[in-house]
Amino acid sequence: MPSMHISGLATGIDIGSMIEQIMTAERKPIELLEEERAEINDDAVAWADISTYITDLTDSLDTLRSMALWDKMSALSSNEDYLTASASDSAEEATYLVEILNRAQAQSIGSGRASDLTPGGTSTTDLVAAGVLTAGNQFTIEGQTITIGANETLASLVGKINTAADSMADADRVHATIIDNRLVITRQETGATNINISDATGSPLQDLNVLDGMGGYANEFMTARDAQFTVNGALVTRASNVNLTDVIQNVTLNLHEETLAGVPITLTIQHDREAVKTAVNDFIEKYNIAIEVLEEYGRITVSGDKASGAELERVGELANDSLLRSMQTNMRRQATEGKYPYLNQVNASYTYNGQSGVCNSLSAIGIWTSGEKNRLSITDEDRLDHMIANEFDLVEQVFRGVYDPAEGYTHGVASDFYKYANQLSTSMTGEIANRIRALDDQMEDIDETILSKETRLESYEQRLWESFSIMDNAYKKMQDEIKYIESRFSNKSS
């Protein structure tokens with residue numbers, strides 16, 4: 001609880017105001033420390049912000065140096081309305097001609113129309129009462145027995161069949177529905193396998209015109225059929241149209257439409273060039289954003305008249321910070337330096353537009369800095385697309401470098417740049433983390449100093465009040481003594 005002070009009752013001096021002025025002057029060093037702490041905190045916030053962008057850049061470089069990107073395969077169909085496909089990373093680059101002769105389809109059978117079974121009948125007509133079916137008769141479908149009940153209708157048979165289907169094996173399962181007042185039963189899986197259905201007791205299926213008198217299908221709406229297609233001329237038969245994983249090794253096929261006779265679809269299995277280009281664009285974007293942030297924090301503008309000596313006005317929070325300046329320099333060097341002699345005429349030569357070159361830097365694949373600004377851009381997109389399409393291994397080598405048994409892939413733009421960026425951005429031990437930690441330590445030291453000074457000032461202020469109180473009391477005592485003496489003299493005179 002703060003102390004209560006009565007100010008200068010005897011002397012009439014405003015002791016509180018006097019002490020306040022003294023304390024204001026005494027607090028100046030603390031205010032300077034608080035300002036210093038605020039500046040350090042702003043620096044720490046700036047470095048935390050920079051860390052986010054450098055981490056994003058590091059992640060993009062990690063993608064470009066990763067085998068997962070360069071091993072990723074794609075399957076390109078010349079017409080995806082007819083054929084789509086996907087390829088695993090183990091697929092081999094190749095081109096296939098696929099002609100789809102027949103798509104697989106599931107068998108679909110059904111009853112006669114309800115109005116043909118009984119005059120004026122519908123799917124909800126009681127077929128037992130109409131004399132079409134006999135209660136208690138049974139039929140089997142895919143191993144499940146269906147018993148005709150009292151008041152049986154086509155619609156109620158749909159429910160019984162679908163309930164029974166829950167107990168069927170996946171490969172045998174059927175689905176029943178009403179179409180045009182017919183009971184229609186369809187296999188869920190495509191292929192040349194027919195629905196296994198027969199009368200057990202009586203002849204309910206014949207009575208419904210599902211089966212004929214010979215046990216054959218009276219109404220077959222769709223025949224059971226396998227898919228037939230050719231791959232590079234080889235005839236292939238499969239029960240399904242989709243997820244065909246056993247036709248081309250490490251490739252999955254999906255057949256959507258039958259092709260025109262003699263007009264095959266071209267299927268190209270190749271490295272995923274689009275994924276590579278996306279990763280390249282992501283790296284360029286993350287690099288440029290990181291550089292822009294660094295420039296903004298380190299910016300210095302010039303104001304004043306140069307003839308009379310311009311005054312430098314620091315705008316960026318980290319202007320003249322040595323780590324920030326070195327990062328700008330090193331990042332540009334990492335992005336633009338060539339990889340000679342590690343990538344050379346022997347292992348990196350190429351030809352583009354009739355001219356030979358060595359693919360040992362980003363410039364060789366159409367990427368470079370734009371003008372004087374430290375920004376990357378695709379300066380020649382045709383060149384980049386050509387190199388990815390025709391010199392894929394060389395483009396990979398530019399980013400990943402060459403393999404060293406002791407170090408792994410090194411002397412590539414992404415592999416080397418990643419090492420530097422990761423050294424900066426690692427959360428616990430990176431240079432940026434160390435810088436933030438050092439700033440935090442400085443702020444902690446300042447906090448301790450401020451706390452110590454505040455404690456001393458509190459004691460000092462208390463001592464001031466005590467001293468002024470003693471003075472005020474002494475003054476009052478002196479005044480009282482003077483009044484006493486004056487009163488004595490006054491009494492003697494009278």
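Just so it is clear, none of the values below were taken in a lab; they were calculated from the coordinates. Quick caveat: nothing in here was measured; it's all calculated off a predicted structure. Cβ atoms come from the backbone with ideal geometry, glycine included; neighbour counts cover every protein chain shown.
Listing for the model above:
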| read-out | value |
| --- | --- |
| The range 93-128 residues near the modelled ALA135 label - backbone nitrogen below 19 Å, point 7 Å along Cα→Cβ | 124-128 |
| Cβ-derived FRET efficiency at R0 25 Å, ARG225 paired with THR122, nearest 0.05 | 0.20 |
| Using θ = phi - 60° and Karplus 6.51 cos²θ - 1.76 cosθ + 1.60, couplings along the range 179-185 (whole Hz; Gly, Pro as x) | 10, 6, 6, 10, 7, 10, 10 |
| Extended-chain gain in nm, criterion 0.36 nm per residue less alpha-carbon gap, ARG273 and SER326 | 15.6 nm |
| ³J(HN,Hα), Karplus 6.51/-1.76/1.60, whole Hz, each residue of the range 133-147, x for Gly, Pro | 10, 10, 4, x, 5, 9, 9, 10, 9, 6, x, 9, 9, 10, 9 |
| Distance in nm between pseudo-label sites at GLU93 and TYR340 (7 Å out along the Cβ direction from Cα) | 2.7 |
| Size of electric dipole in the chain: Cβ of Lys, Arg +1 and of Asp, Glu -1, about Cα centre, debye, nearest 20 | 280 |
| Linear extension gain, VAL293 paired with THR455, 0.36 nm per residue minus alpha-carbon span | 54.2 nm |
| Lys/Arg +1, Asp/Glu -1 at C-beta; the chain dipole; positive extreme among THR223, VAL158, ALA239 | VAL158 |
| For TRP47, TRP70, order by how many other beta-carbon atoms lie within 10 Å, fewest first | TRP70, TRP47 |
| Answer label for Rg and Dmax of the Cα atoms in Å (calculated), chosen among (1) 31.0, 92; (2) 25.8, 90; (3) 44.7, 159 | (3) |
| GLU481/ALA319 FRET efficiency (R0 60 Å; Cβ-Cβ; nearest 0.05) | 0.35 |
| Among GLY298, LEU457, ALA261 the positive-end extreme of the charge dipole of the chain (Cβ point charges) | LEU457 |
